[in-house]
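Peer 1: What follows is a structure written as structure tokens; I'll ask about it next.
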Amino acid sequence: MKTKFIYAFIAISLFACKEDDENEPVTPIIPNEEEVITTVKYTLTPVMGGTAKVFQFKDLDGDGGNAPVITTDSIDANVTYSGTLEFLNELETPADSITNEVLEEGDEHQVFFQVTAGDYIISYADVDKNGNPLGLSTTFESRTMGGSLTVILRHKPDKAATGVSV
């Protein structure tokens, strides 16, 4: 299974101006700094017992430089899995769990899943404080082996929309 992960964050910079001292530098106010996500890990554990399948995207140097390291596993046909997503910043020691922030600010985040090959049914198994889907926990039903899945984390999506919010 080929897996790609995309993380989208929208940051708005506001600038404070002072009329009193024109020589004083203007400092931008960043209301929601972007978090660095170097690693995305999707673990699928068979509901009826068996070995967990782990899919991971790791890009420690960001855009450019080295290509990301993508680790895949094989999916069994006709199996229901319990899925867990983790977002990490492994540039920090110890690694910083961005998953905790996504969970705490669940009403401002949502994970979307796009199946581009294969026959899978992916259902949300968690919700935010308003009862809207979040996506850190899923139920993953495989009907075939192989395929392609894209996992997208959005900040401030339109949770009332269907499909992937752009």
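Peer 1: Which one, T138, I122, F57, projects farthest toward the positive side of the charge dipole computed for region 53-166 from Cβ point charges (K/R +1, D/E -1)?
Peer 2: I122
Peer 1: What is the gain in length, in nm to one decimal, between T51 and L103 on full extension, counting 0.36 nm per residue of separation less the C-alpha to C-alpha distance?
Peer 2: Taking T51 through L103 to full extension adds about 16.1 nm, to one decimal.
Peer 1: Can you sort V79, V115, V102 by solvent-accessible area, 1.4 Å probe, largest first?
Peer 2: Ranking V79, V115, V102 by accessible area, largest first, yields V115, V79, V102.
Peer 1: Using unit Cβ charges (K, R positive; D, E negative) and no other charged atoms, how large, in debye to the nearest 20, is the dipole of region 39-84 about its Cα centre?
Peer 2: It comes to approximately 180 debye.
Peer 1: Still on this structure, I have one more. Rounded to the nearest percent, how much of the accessible area of region 46-155 (1.4 Å probe, protein heavy atoms only) is carbon and sulfur?
Peer 2: Numbers: 2680 of 5710 Å².
Using a 1.4 Å probe with all protein chains present, region 46-155 comes out at 47 percent carbon and sulfur.
Peer 1: Can I ask one more? Which of the pairs K53/K159; K58/K129; K53/K129; K58/K156 have their Cα atoms more than 27 Å apart in this structure?
Peer 2: Cα-Cα > 27 Å for K53/K159; K58/K129; K53/K129; rest within.
Peer 1: Can you send over the solvent-accessible area of F55, 1.4 Å probe, protein chains only, in Å² to the nearest 10?
Peer 2: Estimated to the nearest 10 Å², F55 gives 0 Å².
Peer 1: While we're here: Just check region 82-128 against the gyration tensor rule for me: Cα atoms, a ≥ b ≥ c as the square roots of the eigenvalues, rounded for a/c under 1.5, and otherwise prolate or oblate depending on whether a/b exceeds b/c. Present the calculation step by step, with values, prior to reporting the outcome.
Peer 2: Working: a/c = 2.73, a/b = 1.59, b/c = 1.71.
It is oblate, given that a/c is not under 1.5 and a/b is not larger than b/c.
The values are calculated or read from the model by the stated rules, or taken from the named source; none is laboratory data. Nothing here was measured: the structure is a model prediction, and the numbers come from that model. Quick reminder, even Gly has a Cβ in these numbers, built from the backbone with ideal geometry, and neighbours come from all protein chains shown. Just so you know, the surface numbers come from the protein's heavy atoms only, side chains and all, with ligands and any DNA or RNA stripped out. Shrake-Rupley method; radii C 1.70, N 1.55, O 1.52, S 1.80 Å.
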